[in-house]
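The values are calculated or read from the model by the stated rules, or taken from the named source; none is laboratory data. Keep in mind that what you see is a predicted model, and the values were worked out from it rather than measured. Cβ coordinates were reconstructed from backbone atoms using ideal geometry, including for glycine residues, and neighbour counts include every protein chain displayed. Side chains included, ligands, DNA and RNA excluded: accessible areas come from the protein's heavy atoms. Shrake-Rupley method; radii C 1.70, N 1.55, O 1.52, S 1.80 Å.
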Amino acid sequence: MKLIVVSAGLSSPSSTRLLADRLAAATLRHVDAEPEVIELRDLATEIAQHFVTGFPPARLAAALDAVAAADGLIAVTPVFAASYSGLFKSFFDVIDKDALTGKPVLLGATGGTARHSLVTEHALRPLFTYLRALALPTAVYAASEDWGEEGLAQRIARAGAELARFMAPATPDAAPHVDTAAAIAPRSLTGAITSVDPADGFEVVPFEQRLAALRVP
């Protein structure tokens, strides 16, 4: 299996790359995969050329192919103006529209203050949802004061385990797939969520009849 890590950090070293590396290490503790890191700052010129010419230079084409062929993706960006960086967005703008369909993606971001902690939800998650990727439930944001804190380490560990679980292939002796949503919230014959499992059988009472029963004689 292949694990691709996309880091949009601009400095060297960068906190963005550090978070990306820690997320990759947390994932690899649970799944046997070959990691590859793509540093977008090294591809900035090629990305700009692609926008102008419509054709990716060789290094950028190799990076795009690697992302498309990945079994799992870690995408980490620094926060610029309360959102992802322009370099990060530009890379995913030039990727094929179907390259991330159904692919598990672990989202990460770094910033100077905790006030930007929701950037993973209001900026990153909508982007990858639009690309039809499987954005994992746990996203990791790291502010400057988070480094060395136990809470960040716990979030990284949880996120890495989630990505590994979605990357792991099914085995013949694995437990059968369970439709978690259906188990938690059974649906009626019309598709509406109900607290009663339709398999047990139940009588559907029309809404008008329920209202009539409430009327005062």
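Brief remarks follow.
- In segment 59-103, the residues that are small (Gly, Ala, Ser), without any contact (Cβ under 8 Å) to a residue 60 or more places away in the chain and closer than 20 Å to residue 28 by Cα: 68
- In the condition set (1) farther than 19 Å from residue 152 by Cβ; (2) in contact with an Asp or Glu (Cβ under 8 Å, 6 or more places away or on another chain); (3) β-branched (Val, Ile, Thr), residue 31 is compliant with all but (2).
- Residue check for residue 158: open to solvent by 70 Å² or more (accessible area, probe 1.4 Å), on the phi > 0 side of the Ramachandran plot and modelled with pLDDT of 75 or more: no
- Within segment 102-131, considering residues that are open to solvent by less than 20 Å² (accessible area, probe 1.4 Å) and polar (S, T, N, Q), the one nearest to the chain's Cα centre (by Cα): 120
- Within the set 33, 63, 69, 99, the sole residue that is crowded, with 16+ Cβ neighbours inside 10 Å, in contact with a strand residue (DSSP E or B) (Cβ under 7 Å, 6 or more places away or on another chain), within 24 Å of residue 165 (Cα to Cα) and among the aliphatic types (A, V, I, L, M) turns out to be 33.
- Residue check, residue 76 closer than 27 Å to residue 148 by Cα and in contact with a Phe, Trp or Tyr (Cβ under 8 Å, 6 or more places away or on another chain): no
- Residues within segment 1-27 that are within 26 Å of residue 144 (Cβ to Cβ), among the aliphatic types (A, V, I, L, M) and either surrounded by fewer than 23 Cβ atoms within 10 Å (Cβ to Cβ) or free of Cβ contacts under 8 Å to residues at least 12 places away in the same chain (or both), tallied: 3
- For residue 142, the conditions (1) within 18 Å of residue 3 (Cα to Cα); (2) open to solvent by less than 10 Å² (accessible area, probe 1.4 Å); (3) of a type outside the set (S, T, N, Q); (4) over 10 Å from the mean Cα position of the chain (by Cα) are fulfilled apart from (1).
- Whichever residue in segment 72-96 is β-branched (Val, Ile, Thr) and outside any helix (DSSP H, G or I) and, among such residues, is surrounded by the fewest Cβ atoms within 10 Å (Cβ to Cβ): 95
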